[in-house]
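Single-structure report; data block below.
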Ligand SMILES: C[S@@+](CC[C@H](N)C(=O)[O-])C[C@H]1O[C@@H](n2cnc3c(N)ncnc32)[C@H](O)[C@@H]1O
């Protein structure tokens, strides 16, 4: 069965010229369990598609199974799915689906724009990659973002119905997160309750203060704190997934004046390891200039993780290239 997947125009802003490669890598990792398949990139006027032939075992009476439709629609770059039919000399596209089923409004993720925000689609991509890689026995999925900023990954997790905890050093980021989420819940009448409190206090003023939103079937909590002590802020909670976007080396200077976030990862990776269930997987978004992939891998291996050979490099701006490292806590 021939399908065309319409590429969301926003994906160009997220992946630049590498849209085609990123889209294919995500499709293969998340939908075809790493098995290579043939695809074709097609431009029709302003529209861009990926065309593929779906293997017979993935169809039921000439149609995609409902869970597969939803799985495809949740790929970060897919805007709509069309069936392709050739009748005589004409090609027909039948719109099959265009809305994935999420537990929460998209406004939570897309509603606020700010400097330093990780691109919404890149964050969804990272979450999708870990969802495809994780093999824990846990029924309830849960996400840790140990350098959460203003919580893009946490809010994606809420859309996927996952509990999510974040730790963020900057108290202002946590305040902004609180203000932004409250604004969106009001504007879009999103059912929730809010709690503010302080978990174990850290060395600096404000550390341990958290804001927690309870949704119908999950919760989202962001705590002010240093990721190296992340275990102090999440209590007994353990996680099936980890997604984080490392601070960008160019702006980031560590505690001893070193450039790039490697020393923080070296100091924090053991704590992150402790907070994950066996079989859990993580996606680390990073700027390929700082740190080097090999050093990042080394830091995680030292802490007990394994690293997948997966790579998905793409330009993030004129000067910065981004990649995602997939790590796993062995079973
Ligand atoms: C690239 S930003 C994350 C942006 C976030 N994904 C978002 O969309 O809002 C990296 C974050 O790591 C935080 N950070 C840096 N060092 C940290 C530490 N030691 N502990 C916790 N967070 C830290 C920075 O304050 C920054 O907000």
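A short reminder: the numbers here are calculations on the coordinates, not readings from a lab. Because the structure is predicted, anything quoted here is derived from the model rather than measured. Counting neighbours? That spans all protein chains shown, and the Cβs are built from the backbone with ideal geometry, glycine included.
At-a-glance table
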| read-out | value |
| --- | --- |
| Rounded to 5, percent antiparallel among DSSP beta bridges of the chain | 75 |
| Segment 60-202, relative contact order [Cα under 8 Å, separation at least 6], % | 20 |
| Selected from 100, 11, 164 as most flexible by GNM, with the chain as the system and alpha-carbon contacts under 10 Å | 100 |
| Point-to-point label distance, residue 315-residue 103, nm (Cα→Cβ direction, 7 Å offset) | 3.8 |
| Over segment 2-97, volume per residue of the alpha carbon convex hull, in Å³ | 104 |
| In degrees, nearest ten, helix 19-31 long axis to first principal axis of the chain (Cα) | 80 |
| Equivalent-ellipsoid semi-axes of segment 196-239, from the Cα gyration tensor, Å, largest first | 19, 12, 7 |
| Relative contact order for segment 2-97, counting Cα pairs under 8 Å that sit 6 or more residues apart, in percent | 37 |
| Convex hull of segment 280-326 built on C-alpha atoms - directionally averaged projected area, nm² | 3.1 |
| Binned Cα-Cα distance frequencies in the chain - 10 Å width, integer % | 6, 26, 34, 23, 9, 2, 0, 0 |
| Helix axis angle, 262-275 relative to the chain longest principal axis, alpha carbon, degrees | 80 |
| Max mean-square fluctuation residue, GNM over the chain, Cα-Cα springs under 10 Å, options 145, 89, 70 | 89 |
| Volume per residue of the C-alpha convex hull in segment 136-241, rounded to whole Å³ | 89 |
| Helix 171-187 vs. the chain, principal-axis angle (Cα, 0 to 90°, nearest 10) | 50 |
| Full-extension gain in nm, residue 21 to residue 67, via 0.36 nm per residue minus C-alpha separation | 14.1 nm |
| Length-normalised contact order for the chain - Cα pairs under 8 Å, 6+ apart - percent | 16 |
| In nm, spacing of pseudo-spin labels at residue 92 and residue 59 (7 Å Cα→C-beta vector) | 1.5 |
